[in-house]
1. Only one of S55, S62 is modelled with pLDDT under 95 and in contact with a strand residue (DSSP E or B) (Cβ under 9 Å, 6 or more places away or on another chain); which?
2. Does D39 fit the bill of being within 16 Å of the chain's Cα centre (by Cα) and either of a type in the set (F, W, Y) or outside the structural domain of T261 (by TED's automatic domain parsing) (or both)?
3. Would you tally the residues in the range 225-236 being touching an Asp or Glu at 6+ places or on another chain (Cβ under 7 Å) and crowded, with 19+ Cβ neighbours inside 10 Å?
4. Could you pull out the residue among T61, T101, T157 that is farther than 18 Å from V24 by Cβ and more than 16 Å from the chain's Cα centre (by Cα)?
5. Considering A68, A58, which residue is at negative phi, in contact (Cβ under 8 Å) with a residue 12 or more places away in the chain, in a helix (DSSP H, G or I) and of a type in the set (A, V, I, L, M, F, W, C)?
6. Any residue at all in the range 28-38 that is without any contact (Cβ under 8 Å) to a residue 24 or more places away in the chain and either assigned to a helix (DSSP H, G or I) or in contact with a Lys or Arg (Cβ under 8 Å, 6 or more places away or on another chain) (or both)?
7. Suppose we filter E16, E109 for residues that are within 17 Å of I131 (Cβ to Cβ) and either among the acidic types (D, E) or assigned to a loop (DSSP other than H, G, I, E, B) (or both); which single one remains?
8. Report, by residue number, each residue of the range 248-278 that is in contact with a Leu (Cβ under 6 Å, 6 or more places away or on another chain) and more than 23 Å from M200 (Cα to Cα).
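The values are calculated or read from the model by the stated rules, or taken from the named source; none is laboratory data. Since the model is a prediction, treat every value here as computed from it, not as a measurement. Cβ placement follows ideal geometry from the backbone for every residue including glycine, while neighbour counts extend to all protein chains displayed.
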Amino acid sequence: MGFRIIVDSCCDMSSEMKENAVFVNVPLIIHCGCRNFVDDSTLNQADLLREMKQSEDAPTTSCPSPQAYLDAMDCGEEDVYVVTLSAALSGSHNSAQAARTMLEEEKPEVNVHVFNSRSASAGETLVALKIRELAQTGVSFKEVVQKVEQFISHMQTLFILESLENLRKNGRLRKLQAVLAAALHIKLFLHGTPEGEIGMLSKALSMRQALNKMVSHIAADGNHNDSTLIISHCNCPDRAFGLKEQIERRCDFANIIIVETRGIATVYADNGGIVCAY
């Protein structure tokens with residue numbers, strides 16, 4: 001039985017995932033200044049970062065249409081899994097659900113499930129890889145859905161950003177936190193809440209201190225034995241590899257994968273941002 005894994009473009013895919021036909025990307029669109037960026041393989045991150053820096057207004061994003069999802073779902077496979085960024089942060093999940101309803105009416109024999117990752121960036125990547133891991137073993141569609149939903153409920157997403165300005169302007173972060181961080185030049189150690197929103201774990205005086213707090217938080221969590229951790233970075237590979245080395249010294253993950261942010265995660269992580277999920 002064949003399967004397909006559809007992700008929206010907030011999923012920061014590795015090179016291996018991009019080359020594997022089982023993964024299909026449905027892009028969001030980024031509006032910044034006078035330009036629109038389609039978040040697919042044609043997007044140039046350097047151009048987007050430059051446009052974001054020059055624009056006085058925060059970039060905005062448009063989620064995929066139900067038709068875009070429907071086109072990806074109608075792929076000839078019997079099992080279709082869809083992973084979207086948190087429904088609390090975007091309309092992408094609702095669009096995918098609408099497409100699922102349309103496909104089920106037209107082709108009731110196709111199994112389709114839309115996962116609300118309750119996360120973004122590295123979190124979506126981790127969910128997509130978990131789906132593939134289970135689906136490749138030949139377990140039933142129902143069992144894959146059950147186990148992945150349980151996996152999402154226990155998944156941790158952590159992030160540290162150089163700048164909170166885009167999050168503040170887009171209403172993703174309470175204004176007071178952003179103002180304090182800007183005024184005091186502090187870094188906020190943030191996480192994805194169980195509801196898929198953004199919460200604060202602690203503050204730090206520097207990026208280095210914030211990253212140390214992240215490592216200590218992960219090391220204190222016994223939820224990583226023999227599992228995978230994803231590190232997604234926005235234009236800061238040295239920082240990502242340094243973080244990987246620190247985590248390897250203190251934790252026993254079976255695998256640590258470093259990926260680059262795509263367009264949507266770049267908008268919110270901004271230059272120098274780091275996102276971890278496990």
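1. S55
2. So D39 fits the description; yes.
3. Count: 3.
4. Working: T61 fails: more than 16 Å from the chain's Cα centre (by Cα); T157 fails: more than 16 Å from the chain's Cα centre (by Cα).
Of the residues listed, the single one that is farther than 18 Å from V24 by Cβ and more than 16 Å from the chain's Cα centre (by Cα) is T101.
5. On inspection, the qualifying residue turns out to be A68.
6. no
7. Of the residues listed, the single one that is within 17 Å of I131 (Cβ to Cβ) and either among the acidic types (D, E) or assigned to a loop (DSSP other than H, G, I, E, B) (or both) is E16.
8. If the condition is that a residue be in contact with a Leu (Cβ under 6 Å, 6 or more places away or on another chain) and more than 23 Å from M200 (Cα to Cα), then F253, I256, G263 are the ones that fit.
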